[in-house]
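Remarks on the structure that follows.
The values are calculated or read from the model by the stated rules, or taken from the named source; none is laboratory data. Note that the structure is predicted; figures quoted are calculated from it, not measured. Note: ideal-geometry Cβ built from the backbone for every residue, glycine included; neighbour counts use all protein chains shown. These accessible areas exclude ligands, DNA and RNA; they are computed on the full protein's heavy atoms, side chains included. Shrake-Rupley method; radii C 1.70, N 1.55, O 1.52, S 1.80 Å.
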Amino acid sequence: MVLLENNKGKNKNKLIDKLTRGVLYGFTIASASFIFIIVGVIIVKGINPFISDNQGLGNVDIFRFITGDTWLTGTAFQSNLYSVGFIIVSTLLIAFLSLSISLPIGLMTALFIAKVAPKKVSELFRTVIEMLASIPSIIFGLFGASIIRPFVYNLSEMLGYQSKGGNSMLSTILVLAIMTIPTIASISEVAIRSVDKSIIDVSLALGATKSQTNFKVVLTAAKSGIFASAILGIGRALGEATAVSLVAGGRRSGFSFDILDTTSTLTSIMLEGMKETTGLDYDIRFSVGIILMIIILITNAILNFIKRKVGNMDVK
């Protein structure tokens, strides 16, 4: 009798396990399906300008679209001569320049919080960083428009350069750098805290100072997590639209590497006029979305490749 009850209990537990596994599997499939739905919609809408007649305007030349230096040649709704070549270049330049600022600052912040600051100070700064990471992008954009843009405008005047109200590549870089610092700092701090204490103890026992240990041993051991933070940071920089639109200036033509000149990114050009437009001018912004997704995938693949190579290096 007891054996029979035990068997029933085991069968019931197995059934519950199967049901739980099925429910979790269902939620996982539902979550994963969203990415396919989003990508599918972007691709379907985005390829339409290249394969359809676009209401008599003719299909868009994909080579010109990728390599050209003018967003639209001609009049909107009367021309199909769109291109984003110059915007691709400026987007990548802005993303990597902003990362060159935010990565060192975020990394040093993480090192201070994790290994240098007293416990109470560490907890305070960790809370501040977490709060910064949760601030909506529009707030960063307003900060950039009210503080950074006037600063860049005054800087331009000092250098004898006529800036368009401070709207520039430099303003965009600074806003994105500020936005990505919390992400980099938070993830890097976790990676630094995860370093095996025995490695640190060995370094100190061999005569290294705390500073030498932190910079040469701890950061080296945490390099995989640090690269992960850089990947997420540049992903946010590439995908930001609202804040960028407030400080970039909306450049519509010409390759430019002048950081005090106006600029555009793929996300800002997608956002501008989205609600007011229709037809080809509307669909072409989904085409820009395809380009952006490809750039993000390629960038992440390259950084992940570097991360794996760096992560496999022996700690020296």
Check: Residues Phe63, Phe50, Phe86: which one is modelled with pLDDT of 90 or more, open to solvent by 70 Å² or more (accessible area, probe 1.4 Å) and not in a strand (DSSP E or B)?
Finding: Phe63
Check: Considering only region 139-161, how many residues are touching a Ser or Thr at 6+ places or on another chain (Cβ under 7 Å) and open to solvent by 70 Å² or more (accessible area, probe 1.4 Å)?
Finding: 1
Next item on the list: Answer yes if at least one residue in region 36-43 is modelled with pLDDT under 85 and either open to solvent by 80 Å² or more (accessible area, probe 1.4 Å) or not in a helix (DSSP H, G or I) (or both), and no otherwise.
Entry: no
Notebook entry, point to check: How many of the residues in region 103-130 are of a type in the set (A, V, I, L, M), without any contact (Cβ under 8 Å) to a residue 12 or more places away in the chain and either more than 16 Å from Val190 (Cα to Cα) or in contact with a Pro (Cβ under 6 Å, 6 or more places away or on another chain) (or both)?
Noted result: 1
Next item on the list: For Ala133, state whether it is within 18 Å of Ile234 (Cα to Cα), open to solvent by less than 80 Å² (accessible area, probe 1.4 Å) and at pLDDT below 95.
Entry: yes
Check: Out of region 225-247, which residues are more than 17 Å from Leu99 (Cβ to Cβ) and over 12 Å from the mean Cα position of the chain (by Cα)?
Finding: Thr242, Ser245, Leu246, Val247
Note to self: Criterion first (more than 17 Å from the chain's Cα centre (by Cα) and modelled with pLDDT of 90 or more) does Val288 satisfy it?
What the structure shows: no
Next item on the list: Starting from residues that are hydroxyl-bearing (Ser, Thr, Tyr) and buried (at least 24 other Cβ atoms within 10 Å of the Cβ), keep the ones in region 170-197 and report whichever is farthest from the chain's Cα centre (by Cα).
Entry: Ser171
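Residue by residue, here is whether (1) within 17 Å of the chain's Cα centre (by Cα); (2) of a type in the set (Ser, Thr, Tyr); (3) more than 20 Å from Asn300 (Cβ to Cβ) holds:
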| position | (1), (2), (3) |
| --- | --- |
| Leu72 | no, no, yes |
| Gln78 | no, no, yes |
| Ile88 | yes, no, no |
| Leu103 | yes, no, no |
| Gly106 | yes, no, no |
| Val116 | no, no, yes |
| Thr127 | no, yes, yes |
